[in-house]
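This report refers to the structure that appears directly beneath it.
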Amino acid sequence: MAAFFKSNEASVSFEVGEYQQFPKPEPEDAAKEKTPKPKLKHFSVVLLSFALLCVLQGVLNIALRLALTEPTAEGETEEEFCPEGWLMFGSSCYYISSQRGRSWDDSRQDCMQRGADLVIINSRQEQAFLTGFTAAAWVGMTDREKEGTWIWVDGTPVDKDGLNWAPGQPDDAFGGEDCGDIRTMTDFIGLNDFNCSARSQWICETM
Ligand SMILES: [Ca+2]
Ligand SMILES: [Ca+2]
């Protein structure tokens, strides 16, 4: 806008100068006819530039809004999406191995290679969800550190009374059972303690 006023002043002083130099009506008319044209030209150029700026800003606004909203939309869908072959429950993804030949430690290793860990069961609902997929599968609990004190792989204590154990479990049978698995067998449904080196299926969880 400042540029517009400047150029306007310049054309006005030019007009006055011409009038002083040529007082005759003829050149004055010629000058009057001449000056409005550049004035209009200046004005229309400024107006056009302003209009173009408005359009450009509008386009930029839309582009910016799209650029800002797209990643959050992607983030939301990613949170609700589990990798192929994984199951979803709450905010977690679960991998239930089809293979059944791994010890508790080897199973945990496999989970870690998948960017997960052996499953941590925090509620009866989560346990119910995981029941029925396998006859037996390792879960992420152990009482290796202190017999009878069950902890999850993240170090949190197992809520022994808040979960369902298979009848008579944990029993630390056969000279010691320090790793946890989940059972879905006739008359034997729930959590169980078992020999850590036994071969079984396993369940991984990502959070
Ligand atoms: Ca034990
Ligand atoms: Ca047992």
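The values are calculated or read from the model by the stated rules, or taken from the named source; none is laboratory data. Computed from a predicted model, the values in this text were never measured in an experiment. Heads up, the Cβs are rebuilt from the backbone with ideal geometry, glycines too, and the neighbour counts pull from every protein chain shown.
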Checklist line | Positions within the stretch 185-207 being out of contact with any Lys or Arg (no Cβ under 9 Å at 6 or more places or on another chain), in a loop (DSSP other than H, G, I, E, B) and not aliphatic (A, V, I, L, M), in sequence order | finding: 186, 187, 195, 197
Check: Has the stretch 95-112 got any residue that is within 23 Å of the chain's Cα centre (by Cα), surrounded by fewer than 18 Cβ atoms within 10 Å (Cβ to Cβ) and more than 16 Å from ligand 2 (Cβ to nearest atom)?
Finding: yes
Item checked: Options 161, 181, 187, 193: the member that is among the charged types (D, E, K, R) and at positive phi -> 187
Next item on the list: Report yes if some residue within the stretch 194-201 is without any contact (Cβ under 8 Å) to a residue 40 or more places away in the chain, more than 10 Å from ligand 2 (Cβ to nearest atom) and farther than 18 Å from residue 111 by Cβ; otherwise report no.
Entry: no
Note to self: Against the condition away from ligand 2 (no atom under 14 Å from the Cβ), at pLDDT below 95 and surrounded by fewer than 17 Cβ atoms within 10 Å (Cβ to Cβ), how does residue 91 come out, does it pass?
What the structure shows: yes
Note to self: Just to be sure I understand, how many residues within the stretch 173-191 are within 11 Å of ligand 1 (Cβ to nearest atom) and not aromatic (Phe, Trp, Tyr)?
What the structure shows: 7
Notebook entry, point to check: Can you tell me which residue in the stretch 159-179 is surrounded by the most Cβ atoms within 10 Å (Cβ to Cβ), limited to those that are small (Gly, Ala, Ser) and near ligand 2 (Cβ under 9 Å from one of its atoms)?
Noted result: 166
Item checked: Members of the stretch 140-157 found to be within 36 Å of the chain's Cα centre (by Cα) and either within 14 Å of ligand 2 (Cβ to nearest atom) or outside the structural domain of residue 104 (by TED's automatic domain parsing) (or both), listed by number -> 141, 142, 143, 150
